[in-house]
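Colleague: There's a structure below that I have some questions on.
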Protein chains: 2
Amino acid sequence: MNAELIAVGTEILLGDILNTHAKFLSNELAELGINLLYHTTVGDNKQRLQGIVAQALQRSDLIVVTGGLGPTKDDLTKETVCEQMGVPLVRDEQTVHRIKDYFQRLGKEMPENNLKQALLPEGGTVFQNQHGTAPGMAVQKNGKTAILLPGPPHELVPMFQEQVRPYLMQFTDSVILSHSLRIFGLGESRVDELLDELLDNQNPTVALYAKRGEVLARITAKAETKEKCEEMVSHMVEQVKQRVGEYVYGMDVSSLEEVLVKQLIQHNKSIALAESCTGGMVAEKITSIPGSSQCFSYGIVSYANRVKAEELGVDPTTLKTYGAVSHQVAEQMASCAKQRGQADIGIGITGIAGPDGGTAEKPVGLVYVGVAFHNQVRSIELHLSRGLPDERQDIRQRTAMHALSLALNVLNQELI
Amino acid sequence: MNAELIAVGTEILLGDILNTHAKFLSNELAELGINLLYHTTVGDNKQRLQGIVAQALQRSDLIVVTGGLGPTKDDLTKETVCEQMGVPLVRDEQTVHRIKDYFQRLGKEMPENNLKQALLPEGGTVFQNQHGTAPGMAVQKNGKTAILLPGPPHELVPMFQEQVRPYLMQFTDSVILSHSLRIFGLGESRVDELLDELLDNQNPTVALYAKRGEVLARITAKAETKEKCEEMVSHMVEQVKQRVGEYVYGMDVSSLEEVLVKQLIQHNKSIALAESCTGGMVAEKITSIPGSSQCFSYGIVSYANRVKAEELGVDPTTLKTYGAVSHQVAEQMASCAKQRGQADIGIGITGIAGPDGGTAEKPVGLVYVGVAFHNQVRSIELHLSRGLPDERQDIRQRTAMHALSLALNVLNQELI
């Protein structure tokens with residue numbers, strides 16, 4: 001089965017946004033064994049979109065079109081594709097109801113043009129949108145299939161994974177199954193070196209994806225049955241773990257914070273935070289996980305020495321002697337957080353995220369993370385600058401991940 | 001002049017790499033006033049590449065092709081484009097010399113197939129590659145121009161900026177200029193309704209983009225001079241502001257937190273935070289802005305009643321009487337934060353982000369944001385659930401934006 005992707009949006013042609021869907025969808029289709037032959041991007045222009053869709057329907061069996069499903073006059077995707085396929089649009093009452101409901105819950109009046117989103121192709125498959133108003137849809141006619149998906153990534157990605165992927169399975173005759181290992185603490189090229197020939201394996205395949213600050217290794221097997229797939233994947237997972245095991249923090253998990261919160265809750269332990277350079281990012285990550293109130297109740301963002309001393313309890317002499325960015329202050333911050341939060345583990349973070357504030361002695365990217373547990377306290381020193389411009393957020397992000405990883409290691413060691 | 005981009009590379013179709021050139025080149029072409037109508041990606045396949053190039057030469061005046069200029073058999077771009085344009089390839093002695101030199105400097109032997117890279121279109125323009133072996137080139141024939149560029153970004157980007165951009169200046173007789181307004185507090189479809197016929201204007205154009213929790217309106221003019229563009233855009237900006245002005249929080253800015261931090265610093269004011277359901281997200285946003293330590297020193301994540309009372313100073317009776325999620329507690333959190341942070345503005349946030357913890361009386365999505373300034377304190381009630389699954393992070397995100405917006409409004413009103 002040959003396929004092509006069409007992205008609709010003038011903002012892509014103007015270079016305002018990067019077409020990240022193309023990579024995501026290409027990956028997904030490759031895994032499903034669907035041959036993707038073209039990507040095309042076209043603007044919000046009726047005539048040109050018509051031309052592109054007509055051509056695609058001629059040369060490909062499956063077309064996946066992203067964007068242009070919104071409620072405005074500029075949104076032309078659904079109308080154009082259905083017109084080219086000769087499929088009429090009909091009002092879907094369930095979707096009308098859902099959209100009305102959506103606005104009612106928001107306590108807002110529904111703009112009349114939102115009802116345009118309830119016009120759906122006759123006989124098509126609707127993919128409900130859990131994160132916005134525009135539903136996705138699939139239409140089949142004369143041996144051709146068109147799949148239309150909303151543009152925003154936080155709508156498209158879950159819709160694809162939960163609804164479109166299962167829908168597309170009808171076009172493949174074998175089962176495909178993946179498990180993903182999350183790796184923190186090694187760069188992608190180092191993981192690449194260590195896994196070496198495993199990356200050339202044909203079935204199961206091992207693919208590496210560099211994520212923000214970490215690496216994801218996805219192992220995918222194709223076989224006649226799910227059981228056979230599971231067996232093949234498990235075997236490969238073991239081989240991967242033999243090479244990078246100590247850096248693997250979880251399988252089929254989405255983040256360090258998810259694993260940390262789950263383990264804290266499971267073992268009935270709690271954590272407290274004192275953050276300086278990360279400015280609340282670690283607290284934000286932890287509280288992004290549902291149920292985190294069971295293991296987290298106190299975090300402070302002490303963004304000035306006065307606050308570190310008066311509100312948190314760091315000894316002013318320590319601050320003066322060693323400076324705010326030091327092992328000593330990170331450790332005191334950790335101990336004070338643990339005490340104020342009445343927690344089992346305290347984390348203290350202090351560093352220089354830049355762009356200003358660095359010196360020859362304490363440059364941008366220098367970070368200390370302290371951890372307190374039982375009556376012990378220790379700290380690590382990190383050097384996170386890569387000498388790039390605009391790396392403030394990157395340094396903060398990687399600091400936060402190191403802090404989460406440190407907490408997780410302490411928790412695991414203490415429990416062993 | 002109409003243009004299109006063609007990226008050549010099977011690795012893009014497999015989703016192994018993200019096509020970042022497309023964004024870079026689109027931006028550059030837009031700035032040069034060249035209309036870019038299509039992006040196409042095609043694999044390293046002779047027949048399909050021929051088809052794509054032939055079509056592009058028919059419908060566009062300028063084609064920019066990236067990738068496929070390497071020395072291997074898989075690299076087909078130059079041969080295919082020149083064949084389609086009817087331009088013969090000739091050996092360029094200067095390039096032969098340069099490639100031999102390059103390998104000599106590396107202390108490596110030159111593989112024979114590298115000489116393929118010294119075959120260049122007759123009468124074409126060569127763009128020397130300062131960072132690799134494959135030269136870029138431009139070919140003109142029958143009113144059509146093709147520009148071929150090497151794939152790797154560290155080769156393509158400097159080549160474009162230093163050599164291709166000046167080359168392209170010959171084709172532009174106009175300037176394009178955009179300004180973007182950020183709108184918070186109205187949905188995309190409501191903004192669409194209010195702007196109505198302005199969205200159909202031809203020059204300047206007004207385009208809406210839904211961003212997470214907000215809307216961006218981009219106004220773009222095309223004229224002979226930059227001054228004329230500025231005048232046209234300004235005039236349209238005024239018309240947009242007449243309709244949605246009170247929701248516009250900035251022009252050519254990237255976020256609410258950027259505007260808030262800049263204004264706080266400019267007016268020598270400071271802010272302090274007490275966060276419950278947002279769990280540090282507002283602090284994280286504020287501290288993501290360089291220089292934020294000038295206006296922010298204290299934030300607390302009080303994720304339990306004990307912490308709200310003991311560490312922040314909320315009256316336990318208030319907590320008991322009204323519950324943690326109430327106007328009263330949000331206001332006390334704001335006042336306590338202001339006091340503990342010794343700040344001009346205090347923000348207090350309490351709500352139910354879900355998925356658990358909601359009741360009939362206080363459902364998921366109910367949020368109170370308090371703000372304290374001078375001797376005043378007030379609070380707003382928000383209903384942020386859309387009844388969707390997995391909306392915890394969305395509720396927190398929108399709560400954080402409301403809090404930033406509230407602080408900004410108070411700051412602006414107080415300064416008036």
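Colleague: Do the conditions hold for A:Tyr298, that is, is it farther than 15 Å from B:Ser297 by Cβ, of a type in the set (Phe, Trp, Tyr) and either surrounded by 24 or more Cβ atoms within 10 Å (Cβ to Cβ) or more than 7 Å from chain B (Cβ to nearest Cβ) (or both)?
Modeller: Answer is yes for this residue.
Colleague: Still on this model: What about A:Leu18, is it facing chain B (nearest Cβ under 9 Å) and over 25 Å from A:Gly143 (Cα atoms)?
Modeller: It is true that A:Leu18 is facing chain B (nearest Cβ under 9 Å) and over 25 Å from A:Gly143 (Cα atoms).
Colleague: Next up: Condition (residue is in a loop (DSSP other than H, G, I, E, B), surrounded by fewer than 23 Cβ atoms within 10 Å (Cβ to Cβ), away from chain A (no Cβ under 14 Å) and more than 28 Å from the chain's Cα centre (by Cα)) applied to region B:311-323: is it met by at least one residue?
Modeller: Looking for residues that are in a loop (DSSP other than H, G, I, E, B), surrounded by fewer than 23 Cβ atoms within 10 Å (Cβ to Cβ), away from chain A (no Cβ under 14 Å) and more than 28 Å from the chain's Cα centre (by Cα), one finds at least one in region B:311-323, hence yes.
Colleague: How many residues does region A:229-282 hold that are in a strand (DSSP E or B), out of contact with any Leu (no Cβ under 6 Å at 6 or more places or on another chain) and surrounded by fewer than 20 Cβ atoms within 10 Å (Cβ to Cβ)?
Modeller: The total comes to 1.
Colleague: OK, next. Listed residues B:Ala372, B:Ala337; which is within 13 Å of chain A (Cβ to nearest Cβ), within 18 Å of B:Tyr298 (Cα to Cα), buried (at least 21 other Cβ atoms within 10 Å of the Cβ) and in contact with a helix residue (DSSP H, G or I) (Cβ under 8 Å, 6 or more places away or on another chain)?
Modeller: B:Ala337
Colleague: If you check B:Gly124 against the conditions, is it crowded, with 18+ Cβ neighbours inside 10 Å, in contact (Cβ under 8 Å) with a residue 24 or more places away in the chain, within 14 Å of chain A (Cβ to nearest Cβ) and among the small types (Gly, Ala, Ser)?
Modeller: So B:Gly124 fails the test.
Colleague: If the requirement is being under 15 Å from A:Ser276 (Cβ atoms) and assigned by TED's automatic domain parsing to the domain that holds A:Leu260, which of these qualifies: A:Ala372, A:Ala400, A:Ala360?
Modeller: Testing whether each residue is under 15 Å from A:Ser276 (Cβ atoms) and assigned by TED's automatic domain parsing to the domain that holds A:Leu260 leaves just A:Ala400.
Colleague: Please return the ranges of strands (runs of 3 or more DSSP E) entirely within region A:101-201 where 3 or more residues are aliphatic (A, V, I, L, M) and over 25 Å from B:Gly365 (Cβ atoms).
Modeller: Per the criteria, A:136-141, A:144-149, A:175-183.
Colleague: Another question about this same structure. I'd like the full set of residues that are buried (at least 17 other Cβ atoms within 10 Å of the Cβ), within 11 Å of chain B (Cβ to nearest Cβ) and part of a helix (DSSP H, G or I), limited to region A:301-310.
Modeller: Of everything in region A:301-310, those that are buried (at least 17 other Cβ atoms within 10 Å of the Cβ), within 11 Å of chain B (Cβ to nearest Cβ) and part of a helix (DSSP H, G or I) turn out to be A:Asn305, A:Val307, A:Lys308.
Colleague: Just checking: which of the strands (runs of 3 or more DSSP E) contained wholly in region B:339-402 hold 2 or more residues that are in contact (Cβ under 8 Å) with a residue 60 or more places away in the chain and not small (Gly, Ala, Ser)?
Modeller: Output list reads B:345-351.
Colleague: Just to be sure, is A:Gly51 surrounded by 24 or more Cβ atoms within 10 Å (Cβ to Cβ) and modelled with pLDDT of 90 or more?
Modeller: It is false that A:Gly51 is surrounded by 24 or more Cβ atoms within 10 Å (Cβ to Cβ) and modelled with pLDDT of 90 or more.
Colleague: Next question, about the same structure. Given the conditions (1) closer than 26 Å to B:Val206 by Cβ; (2) among the charged types (D, E, K, R); (3) touching a strand residue (DSSP E or B) at 6+ places or on another chain (Cβ under 6 Å), report the number of the one that A:Glu79 does not fulfil.
Modeller: (3)
Colleague: Still on this structure, I have one more. Out of curiosity, is A:Asp75 in contact with a Gly (Cβ under 7 Å, 6 or more places away or on another chain), surrounded by fewer than 17 Cβ atoms within 10 Å (Cβ to Cβ) and not hydrophobic (A, V, I, L, M, F, W, C)?
Modeller: Here the answer is no, as A:Asp75 does not meet what is asked.
Colleague: Looking only at residues that are away from chain B (no Cβ under 14 Å) and within 22 Å of A:Leu406 (Cβ to Cβ) in region A:347-364, which one is farthest from the chain's Cα centre (by Cα)?
Modeller: Going through the qualifying residues, I end up with A:Lys362.
Colleague: When you go through (1) of a type outside the set (Ser, Thr, Tyr); (2) modelled with pLDDT of 90 or more; (3) more than 30 Å from B:Gly245 (Cα to Cα) one by one for B:Glu197, which number turns out not to apply?
Modeller: Condition not satisfied by B:Glu197: (3).
Colleague: How do the strands (runs of 3 or more DSSP E) wholly within region B:1-75 filter down when requiring 1 or more residues that are over 29 Å from the mean Cα position of the chain (by Cα) and closer than 21 Å to A:Leu49 by Cα: which remain?
Modeller: Answer list for region B:1-75: none.
Colleague: If A:Leu208 meets every condition in (1) in contact (Cβ under 8 Å) with a residue 24 or more places away in the chain; (2) surrounded by fewer than 20 Cβ atoms within 10 Å (Cβ to Cβ) apart from one, which number is that one?
Modeller: Unmet condition: (1).
Colleague: Do we have A:Ile17 as within 30 Å of B:His179 (Cα to Cα), among the β-branched types (Val, Ile, Thr) and surrounded by fewer than 20 Cβ atoms within 10 Å (Cβ to Cβ) here?
Modeller: Yes.
Colleague: In addition: Of everything in region B:76-110, what is within 23 Å of B:Leu25 (Cβ to Cβ) and under 39 Å from the mean Cα position of the chain (by Cα)? Give them in sequence order.
Modeller: Within region B:76-110, B:Leu76, B:Thr77, B:Lys78, B:Glu79, B:Thr80, B:Val81, B:Cys82, B:Gln84, B:Met85 meet the criteria.
Colleague: Quick one: which of B:Lys226, B:Lys144 is in contact (Cβ under 8 Å) with a residue 12 or more places away in the chain, assigned by TED's automatic domain parsing to the domain that holds B:Met85 and charged (D, E, K, R)?
Modeller: None of the others qualify; the one that does is B:Lys144.
Colleague: If you go through region B:44-103 one residue at a time, how many are more than 14 Å from every other protein chain (Cβ to nearest Cβ), polar (S, T, N, Q) and touching a residue at least 60 places away in the same chain (Cβ under 8 Å)?
Modeller: The total comes to 1.
Colleague: Quick check on A:Ala146: is it at pLDDT 90 or above, of a type in the set (A, V, I, L, M) and closer than 27 Å to A:Gly86 by Cβ?
Modeller: Spelling it out, A:Ala146 is indeed at pLDDT 90 or above, of a type in the set (A, V, I, L, M) and closer than 27 Å to A:Gly86 by Cβ.
The values are calculated or read from the model by the stated rules, or taken from the named source; none is laboratory data. Just so we're clear, the structure is a prediction, and the values are computed from it rather than from any experiment. Cβ sites come from the backbone with ideal geometry, for glycine too, and all protein chains shown count toward neighbours.
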